[in-house]
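Everything on this sheet refers to the single structure shown next.
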Amino acid sequence: MPDVIHTPVLLQEVLEALNPKPGQCFIDATANGGGHTFALWDRVKPNGMILAIDKDHDLVERLTREARERKANVIAVAGSYGDLAAIASAYNVTNVAGILFDLGYSSYHIDQSGRGFSFQKDEPLLMRYESEGSTKGGMTAAEAVNQLSEEELADIIYQYGEDRLARRIASTICVARKRGRILTTKQLADIVAQAYPKRMFSRINPATKTFQALRIFVNQELAELERVLPQARDILAEDGVIAIITFHSLEDRIVKRFFQSEKGNQLDIITKKPIVPTPQEAHENRRARSAKLRVAVKKHTIQ
Ligand SMILES: C[S@@+](CC[C@H](N)C(=O)[O-])C[C@H]1O[C@@H](n2cnc3c(N)ncnc32)[C@H](O)[C@@H]1O
């Protein structure tokens, strides 16, 4: 793997929000290439620690190697942040000063994983964050498009892709799969394109929303996010900060609603409006363009 596999998004803004200090402990719940992880480590060293979680075993192995080389107290764990409380407890991680979530997929998944996250390459239709060979994780995207009912597929494409043509796409998939199993990204992208009337073709590939929908479904992204938010709130120490970067409205809505439901309860919302990248960052890093950072801080308990 090359040195930089993903450029961290909103890095300065995240560091400002989490305000790491020497000796503190942070959790990076979506560590990936360690872009945020090691920036946090640089601020908490030499006595602090970072618990770095990612679903992708290959990335976790890489993080472990890098931590060893840097002599960094970064404990990298392969698992889902949906199991945050159990993972933190298994590694005796307490007194957590901050938790970062940088949701979704990374440049590594698109460019190098070979797991079918993009229709711009012809790859096996997997779309799972778990590396190949992992015993964890649910069905692959190929299993979903070949096995689910037309109605289930339509619901997934409508709910997670917000595509108004969901029913038409699901029906075209079901007709196509009778001719043979749909196993690659190119096959699926071509089928979705057939479902789109020519007049609706735009600069955006018609398969964009279907691919997003399947990725969210396969990785249970929204359910895992809903599951982890109360755990993150409970794990934080008083004055601990939770920082969450989202990349589409479905994720952002869940975070916004959770923070609002905590108002007057255990969290204070720091970002009335989400923090977005500077024009310069958006220009330099395409992926940053849709990023939104929301931040909340855990209140003191009243004795
Ligand atoms: C946008 S990347 C994070 C990039 C990282 N902050 C950096 O700058 O290097 C999101 C990562 O979250 C991981 N991921 C997605 N869902 C996850 C889950 N439920 N639990 C743990 N990791 C997950 C993906 O494998 C991916 O590596």
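Any read-out appearing in this document is the output of simple, stated calculations on the displayed coordinates, not a laboratory observation. What you are looking at is a predicted structure, and each value in this text was computed from that prediction instead of being measured. FYI the Cβ positions are ideal-geometry reconstructions off the backbone, even for glycines, and counts take in every protein chain you see.
Against the empirical curve 2.2 N^0.38 Å, the C-alpha radius of gyration of region 16-141 lands at a ratio of 1.09. Inter-label distance, I110 to E132: 2.2 nm, where each label sits 7 Å from its Cα along the C-beta direction. In nanometres, what is the gap between the two model label sites at A223 and N73, each 7 Å from Cα along Cα-to-Cβ? With each label point 7 Å from Cα toward Cβ, the separation is 3.7 nm.
Region 1-60 and region 96-145 have Cα centres spaced 20 Å apart. Ranked for footprinting exposure by Cβ neighbours inside 10 Å, fewest first, M200, M127, M139, M49 give M200, M139, M49, M127. For a Förster distance of 45 Å, can you work out the FRET efficiency between the beta-carbons of K273 and T64, rounded to the nearest 0.05? Calculated value: 0.75. Under the criterion of Cα pairs below 8 Å and six or more residues apart, the relative contact order for the chain equals 18 percent. By the compact-protein rule of thumb, 2.2 N^0.38 Å, the alpha-carbon radius of gyration of region 139-218 corresponds to a ratio of 0.96.
Per Stokes-Einstein, at 20 °C and 1.002 mPa s, what whole-number D in µm² s⁻¹ belongs to the chain, with the Kirkwood radius over Cα pairs as the hydrodynamic radius? It would help to have the intermediate numbers written out before the result.
Details: Rh = 20.2 Å.
For the chosen part, D equals 106 µm²/s.
When the listed pairs K21/K71; K55/K186; K55/K298 are checked against a 20 Å cut-off, the alpha-carbon distance exceeds it for K55/K186; K55/K298. Cα convex hull, region 77-151: 144 Å³ per residue, rounded to a whole number. Taking the helices alone, the chain has a mean residue ellipticity at 222 nm of -13000 deg cm²/dmol, built from -39,500 (n - 2.57) per DSSP H run of at least 4 residues and averaged over all its residues.
If you take every DSSP beta bridge whose two residues both sit in the chain, what share of them, in percent to the nearest 5, is antiparallel? Around 35 percent antiparallel, to the nearest 5.
Modelled spin-label separation between R199 and D42, with each label point placed 7 Å from Cα along the Cα-to-Cβ direction: 5.4 nm.
Going 7 Å from the Cα of E150 toward and past its Cβ, which residues in region 163-188 have a backbone nitrogen under 18 Å from where you end up? Taking a point 7 Å out along Cα→Cβ of E150, the residues of region 163-188 whose backbone N falls under 18 Å are 164-182.
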